[in-house]
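Heads up: the structure comes next, in structure tokens.
The values are calculated or read from the model by the stated rules, or taken from the named source; none is laboratory data. None of the values given here were measured: they were computed from a predicted structure. Backbone-built Cβ (ideal geometry, glycine too); neighbour counts: all protein chains shown.
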Amino acid sequence: MAASLRAQSQSQSQSQSQSQSQKTGPVYFWKPQDGHGYLGQWFWSPWTYEGDTYKTAEMWMMVGKARLFGDEDVARDILAADDPREQRALGRKVRNFDEKVWDKNKVRIVEEGNYLKFTISEDAESLRAMLLATGERELVEASPMDRIWGVGFAEKNAGVNRARWGQNLLGRALMNVRRRLSEENTRKEKAKGEEEEQEEE
């Protein structure tokens, strides 16, 4: 499974960033092997943070869920799992789970994980370039089975059913990450420009 996910990740071409910038409609994503799959939680993009290695953003989310409720045993089990399906299944076994507490924290946890995915993962540079190349386009998880993190419709049906969309929390989280990265780039360019001006004086 891990090898399969790695292969899927590697198949995402930077040519996507060029084509994306020429469009204005929503960017739909869902499965890691499909178009724009690099945006999904199951996309293989390992990074290490505070001593733990996270293979996918899904793993970060589920470990964060376990630790939010103090279940370190399940957190360690999730960190040992390569398959995102297993990571998700283990996340559903978290002890002392409180849905109200989770609802208050889940978007923050997912945003944190995706920020790290696009800044310090093995493929962060290319992933970040593709994300920023989407510009201001709406990012939409076109999962027909998820109306919380996605819109509840597959890409082929999403457009005509927009009035019936779910919450698209993952798409919204990714747009927040994109905005943060864009603002960071702007600050870096400004600082660089000021340094160059000082050198010329």
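For residue 48, are the conditions met, namely being assigned to a strand (DSSP E or B), out of contact with any Asp or Glu (no Cβ under 6 Å at 6 or more places or on another chain) and under 24 Å from residue 184 (Cβ atoms)?
In short, yes.
Test of understanding: among 19, 15, 45, 121, which residue is more than 25 Å from residue 146 (Cα to Cα) and either touching a strand residue (DSSP E or B) at 6+ places or on another chain (Cβ under 6 Å) or at pLDDT 95 or above (or both)?
Criteria check complete, one pass: 121.
Which residues, taken from segment 70-81, are in a loop (DSSP other than H, G, I, E, B) and surrounded by fewer than 17 Cβ atoms within 10 Å (Cβ to Cβ)?
Passing the criteria: 70, 80.
Out of the residues in segment 84-106 meeting the condition of being part of a loop (DSSP other than H, G, I, E, B) and of a type in the set (Lys, Arg), tell me which one is farthest from residue 62 (Cα to Cα).
95
Per-residue answers, yes or no, for (1) more than 18 Å from the chain's Cα centre (by Cα); (2) over 26 Å from residue 66 (Cα atoms); (3) touching a residue at least 60 places away in the same chain (Cβ under 8 Å):
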site: 157; (1), (2), (3): yes, yes, no
site: 162; (1), (2), (3): yes, yes, no
site: 169; (1), (2), (3): no, no, yes
site: 172; (1), (2), (3): no, no, yes
site: 179; (1), (2), (3): no, yes, no
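Take segment 60-111 and flag every residue that is touching a residue at least 40 places away in the same chain (Cβ under 8 Å) and aliphatic (A, V, I, L, M).
61, 68, 107, 109, 110
Kindly list, by first and then second residue, each pair from a residue in segment 24-35 that is touching a residue at least 24 places away in the same chain (Cβ under 8 Å) to a residue that is among the aliphatic types (A, V, I, L, M) and surrounded by fewer than 19 Cβ atoms within 10 Å (Cβ to Cβ), limited to pairs with Cβ atoms under 9 Å and residues at least 6 apart or on different chains.
28/154; 30/154; 33/7
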